[in-house]
Amino acid sequence: DAKTTQPTSMDCAEGRAANLPCNHSTISGNEYVYWYRQIHSQGPQYIIHGLKNNETNEMASLIITEDRKSSTLILPHATLRDTAVYYCIVRSPNSGGSNYKLTFGKGTLLTVNP
Amino acid sequence: NAGVMQNPRHLVRRRGQEARLRCSPMKGHSHVYWYRQLPEEGLKFMVYLQKENIIDESGMPKERFSAEFPKEGPSILRIQQVVRGDSAAYFCASSLDRPYNTEAFFGQGTRLTVV
């Protein structure tokens, strides 16, 4: 799996959009970008994933650059409950190797302030 | 539509005892993964199981740790003769039949404390 680079921490005001960047400059053509988050003392929670098109669901939007070397997770209206560590993970969909593993880095600690 | 269920949520064991952690995957999911999170560290893959089969246990310590996912019932992560270094949060995740391009859903974890 390609490695990812994320800022260690970010702050966001409640009600504002939170934009979390992720660099994955060595991503392969068939690797997806996944985002998970882990609220303190809870299990990781799946947020969204995408290949090259922008994706949106009820939780967030994922913007992937055209060259696919970076992406941004957008929480449109952050709340205090969105305070968590956010993990950006790249993963191949192919059935070979050990790509069923999720390799969690250190992630970004997002703190949403009142 | 219940999510991944893990129990117990908290487990305290004395050194030398056995710890048994249970994981019931989401309905319809036949693939289970265990991860461990040591204090102040990231999540690390331990083992991947399908029904009655261990697919990949490369992340499991060579001794004292074992995992199973029987045809009926939950997946079990078993730690024999626990030591203080086993104190951690253990998370289970599950996915649909095709794990390669689907998301995995995690349980709330079991926090093991060895005293």
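No lab work stands behind these numbers, since they all come straight from the coordinates. If you're wondering where the values come from, they're calculated on a predicted model, not measured in any experiment. Neighbour counts are summed over all protein chains in view; Cβ atoms, including those assigned to glycine, are modelled from backbone coordinates with ideal geometry.
Observations on the model:
- Once both labels are positioned 7 Å from their Cα atoms along Cα-to-Cβ, the gap between A:T26 and B:K62 label points is 2.8 nm.
- Sequence-distant residues sharing a close amide H with A:S70 (under 5 Å, placed H): A:H24, A:T65
- Two-decimal Rg to Rh for the protein assembly as shown - Kirkwood Rh, Cα set: 0.98
- Average partner coverage of B:33-45, which counts Cβ from other chains inside 10 Å: 3
- Judged by a Cβ-Cβ distance under 4.7 Å, the unpaired cysteines of chain A are A:C12.
- Residue-by-residue Karplus 3J(HN,Hα) for the stretch A:99-109, coefficients 6.51, -1.76, 1.60, Hz, glycine and proline x: 6, 6, 6, 9, 9, 8, x, 8, x, 10, 7
- Average beta-carbon neighbours from other chains, 10 Å sphere, peptide A:75-87: 0
- Counts of other chain beta carbons within 10 angstrom of each beta carbon in peptide A:37-46 average 5.
- The stretch A:29-68 - percent relative contact order, Cα under 8 Å, separation 6 or more: 29
- Cut-off under 5 Å, modelled amide H: who pairs with B:H31 long-range: B:S95
- Length-normalised contact order of chain A in % [C-alpha pairs under 8 Å, at least 6 apart]: 37
- Karplus 3J(HN,Hα) series, Hz, for the stretch B:21-27 with 6.51 cos²θ - 1.76 cosθ + 1.60 (x for Gly, Pro): 10, 10, 9, 9, x, 5, 4
- Evaluated at q = 0.13, 0.16, 0.23, 0.24 Å⁻¹, a Debye calculation over the C-alpha positions of chain A (equal weights, vacuum) places log10 I(q)/I(0) at -0.45, -0.68, -1.35, -1.44.
- Chain B: radius of gyration over Cα atoms, expressed as a fraction of 2.2 N^0.38 Å: 1.00
- Loop-located trypsin sites (Lys or Arg not before Pro) in the stretch B:39-115 (DSSP state other than H, G, I, E, B) with a sparse environment of at most 14 neighbouring Cβ atoms within 10 Å: B:K51, B:K62, B:K71.
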